[in-house]
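Here's the structure we're looking at; comments come further down.
The values are calculated or read from the model by the stated rules, or taken from the named source; none is laboratory data. Owing to the predicted nature of the structure, the values given are computational and were not obtained by experimental measurement. Here the Cβ is made from the backbone with ideal geometry for all residues, glycine too, and neighbour counts use every protein chain on show. SASA here: full protein model, heavy atoms, side chains in, ligands and nucleic acids out. Shrake-Rupley method; radii C 1.70, N 1.55, O 1.52, S 1.80 Å.
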Amino acid sequence: MDSETLLTRITDYANRPNPYPVYAELREAGPVVRQADGSYLVGTYHEIAALLHDPRMSADPRTRGAVTHKPPFLRLDDPEHHRLRTLAMRPFGPPHSPGRVDAMRGEIDRVTKELLGSFEAGRQIDVVDDFAYPLPVTVICRLLGVPREDEPLFRAWSDTIVASADVRPEGDSAETDKAGDQARTEMGQYLVNLAEQRLGRPGDDLLTAFANEPDPALRLTREELAETAVLLLIAGHETTVNLITNGVLTLLRHPEHLDHLRREPDLLPRAVEELLRYEPPVHMRERIPRDDIDVAGTKIPRGASVILVLASGNRDPMRFHDPDRFDPTRPDNQHLGFGSGIHLCYGAPLARIEAQAALGALLPHLGAARLVQDPPPYRQNAMLRGPRHLPLHL
């Protein structure tokens, strides 16, 4: 196969159920492979990890003139990235709010039990719609202070924004990009309005904390608040849905490991780390070199789109022993499931707690469960890869 078509095949929906053979081709073709559209794919672990830590690599799409509006801090570079990430972290985690995520454990367990209450033996359920989607959505709504009844509203916005952020070969994406910008604007306005309603009011949610920051130097502007709140709301549930759903599917495909975990639930934290390696919720990230750079003997020009295929790096035999084997007891599991470097996933601690709680609560129900369809139907998105539905007979 022509290595210049790898990105086309990776993003081809026909390969969504199993992109790993294409990733193996990518690694065979070389650490860096130029594509027909002028982009570059990187699929080997050590090169991906090095580039995620390389200050010459920009996360900002404006570096290549792709967009004109200021992106959220996920797509900014230091020092602006560090400033906004630090301000967003103040009410969310250490050192300013060290107990925030841990304090969510009770809420996560409560929501999990509530959702499982509707499960009955002999019934068919959809793991996505009945469990993996409502759990993180309920948690992130509670954390941000978004009314749960508005969920249909931001689900539509979220779907549009995520579609516009997907990695795809260069082509006519103007319509998708325009729809994404429109959804981002509307969702940002909605969240800023919610935050402004809380000015001067006490509360323990993030929007209230952002709106009532007493120090002007640490206060987000309206635009920054909109972008940050949109990012937290979307990132706070989209990837966790995939992590939980991919986890259930993987365990049902490996009944021996499912039985092992049911007998030894203390292994769950390690199993979640292995799921983040073996079937990660995020498959790719884009970076743009500020200058011409050399990566493993390939010269990449300034401004080129460099797609780091994290999920391929997670299956690299140069880094992981027997990488295509799911092993919940795997030692030294320094996967790329949450990225690495300055953009390491902001919500990783919360995602880990949610996945452990969700899979732990589901284990007793999965022993006799049967997949209705394998492979299940997948989401269109190649970057945020996961089943759109996962029907099970309990």
### Message
With the crude spin-label approximation of a point 7 Å out along Cα→Cβ, what separation in nm comes out for residue 54 versus residue 90?
### Response
3.5
### Task
Taking the Cα centre of the chain as origin, work out the dipole magnitude from +1 charges on Lys and Arg Cβ and -1 charges on Asp and Glu Cβ, in debye rounded to 20.
360
## Note on the structure
Listed residues 269, 95, 281; largest mean-square fluctuation, Gaussian network over the chain with Cα springs below 10 Å, found at 95
#### Entry: the range 88-239 - accessible surface per residue (Å², probe 1.4 Å)
47
### Task
Check each of the GluC sites (Glu not before Pro) in the range 109-172 and keep only those in coil by DSSP with at most 10 other C-beta atoms within 10 angstrom; list them in order.
120
#### Entry: Cα gyration tensor shape of the range 281-323, rounded if a/c is under 1.5, else prolate or oblate by comparing a/b with b/c
oblate
### Cβ-Cβ FRET estimate between residue 197 and residue 223, R0 fixed at 22 Å, reported to 0.05
0.75
### Query
Using a Gaussian network model of the chain with C-alpha springs under 10 Å, which one of 43, 297, 188 is most mobile by mean-square fluctuation?
297
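With the cut-off at 1.5 for a/c, could you classify the range 1-135 from its C-alpha gyration tensor as rounded, prolate or oblate? Could you put the intermediate results ahead of the total?
Numbers: a/c = 2.55, a/b = 1.25, b/c = 2.04.
Oblate, since a/c reaches 1.5 and b/c is not below a/b.
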### Message
Could you tell me the relative contact order of the chain? Use alpha-carbon pairs under 8 Å, at least six residues apart, and round to a whole percent.
### Response
25
### Task
Calculate the spin-label point distance for residue 372 paired with residue 80, positioning each point 7 Å from the Cα along the beta-carbon direction, and give it in nanometres.
4.7
### Task
Mind checking the per residue accessible area of the range 276-355 for me, 1.4 Å probe, whole number of Å²?
37
### Query
With charges set only on the Cβ (+1 for Lys and Arg, -1 for Asp and Glu), what does the dipole of the range 212-325 come to about its Cα centre, in debye to the nearest 20?
240
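How much FRET efficiency would the formula 1/(1 + (r/R0)^6) give for residue 123 and residue 204, where r is the Cβ-Cβ distance and R0 is 35 Å, rounded to 0.05?
In this case the efficiency is close to 0.45.
Calculate, in nm to one decimal, what residue 334 and residue 292 gain on full extension: separation in residues at 0.36 nm each, minus their alpha carbon distance.
Taking 0.36 nm per residue and subtracting the Cα distance, the gain is 12.2 nm.
What is the range 39-100 by shape, rounded, prolate or oblate, if you read a ≥ b ≥ c off the alpha carbon gyration tensor as root eigenvalues and call it rounded for a/c under 1.5, prolate for a/b larger than b/c, and oblate otherwise?
oblate
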### Query
To the nearest 20 debye, what charge dipole does the range 178-256 have about its Cα centre, counting +1 at the Cβ of each Lys and Arg and -1 at the Cβ of each Asp and Glu?
160
### Message
If I compute solvent accessible area with a 1.4 Å probe over the protein chains, what percent of it on the chain is carbon and sulfur?
### Response
52
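Quick one: order 104, 318 from most to least accessible surface, probe 1.4 Å. Don't jump to the answer; show the numbers that get you there.
On the way: 104 15, 318 155 Å².
Highest to lowest solvent-accessible surface, that is 318, 104.
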